[in-house]
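Report on the following structure.
The values are calculated or read from the model by the stated rules, or taken from the named source; none is laboratory data. Quick caveat, the model's predicted, so the values are computed rather than measured. Cβ: placed from backbone, ideal geometry, glycine included. Neighbour counts: every protein chain shown.
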Amino acid sequence: MTGGLNGGVHVTDVSTASRTMLMNLKSLDRDKPTLDTLTIPAEILPKIVSNSEIIGMVGKGWYILGLPIFGCLDDQNATMQGQACRKGEAKSTYGTRAFILLNTGEEVIKSKHGLLTTLAFKLG
């Protein structure tokens with residue numbers, strides 16, 4: 001919506017970036033050792049942004065030209081925010097897939113049982 005290859009922005013939010021396992025959960029930046037191991041050049045990946053910052057403006061071809069784009073949040077992480085899931089609280093979703101998410105607050109807790117640790121969201 002920002003214009004793609006014609007001057008648009010190439011970004012992803014922290015929750016989406018963390019799901020790729022190419023982001024360091026503490027620094028909120030790309031994980032250089034992982035990128036090096038997989039021979040992925042960091043410059044081809046989208047810039048990582050918070051879930052609440054303005055990331056661009058709607059570009060040409062849309063009737064809402066110039067409208068700011070912000071508040072990007074994906075799938076299950078959006079439901080945590082929407083259901084006001086606070087630190088220490090968990091939520092589950094059952095549909096085509098089943099998810100159980102636990103909000104650990106600002107502390108990154110790596111699973112000892114093979115579960116995926118990701119960032120739910122970053123506001124501000």
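Of note:
- In segment 65-98, residue surrounded by the most Cβ atoms within 10 Å (Cβ to Cβ) [restricted to those that are charged (D, E, K, R) and at pLDDT 90 or above]: K91
- K26 vs. criteria over 13 Å from the mean Cα position of the chain (by Cα) and part of a loop (DSSP other than H, G, I, E, B): yes
- Scanning segment 76-119 for residues that are over 21 Å from M23 (Cα atoms), in a loop (DSSP other than H, G, I, E, B) and either touching a residue at least 12 places away in the same chain (Cβ under 8 Å) or under 17 Å from the mean Cα position of the chain (by Cα) (or both) turns up C85, R86, K87, G88, E89.
Yes/no per residue for (1) touching a helix residue (DSSP H, G or I) at 6+ places or on another chain (Cβ under 9 Å); (2) surrounded by fewer than 13 Cβ atoms within 10 Å (Cβ to Cβ):
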| position | (1), (2) |
| --- | --- |
| L5 | no, yes |
| V9 | no, no |
| T16 | yes, no |
| L22 | yes, no |
| R30 | yes, no |
| L38 | no, yes |
| I48 | yes, no |
| G56 | no, no |
| Y63 | no, yes |
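- Considering only residues in segment 27-51 that are among the polar types (S, T, N, Q) and modelled with pLDDT of 90 or more, the one that is nearest to S15 (Cα to Cα) turns out to be S50.
- Residue ID - farthest from G8 (Cα to Cα), chosen from residues in segment 64-75 that are assigned to a loop (DSSP other than H, G, I, E, B) and more than 15 Å from the chain's Cα centre (by Cα): I64
- Residue in segment 18-74 that is nearest to G7 (Cα to Cα), counting only those that are small (G, A, S) and touching a Leu at 6+ places or on another chain (Cβ under 8 Å): G59
- Flag set for L73, criterion: in contact (Cβ under 8 Å) with a residue 24 or more places away in the chain and hydrophobic (A, V, I, L, M, F, W, C).
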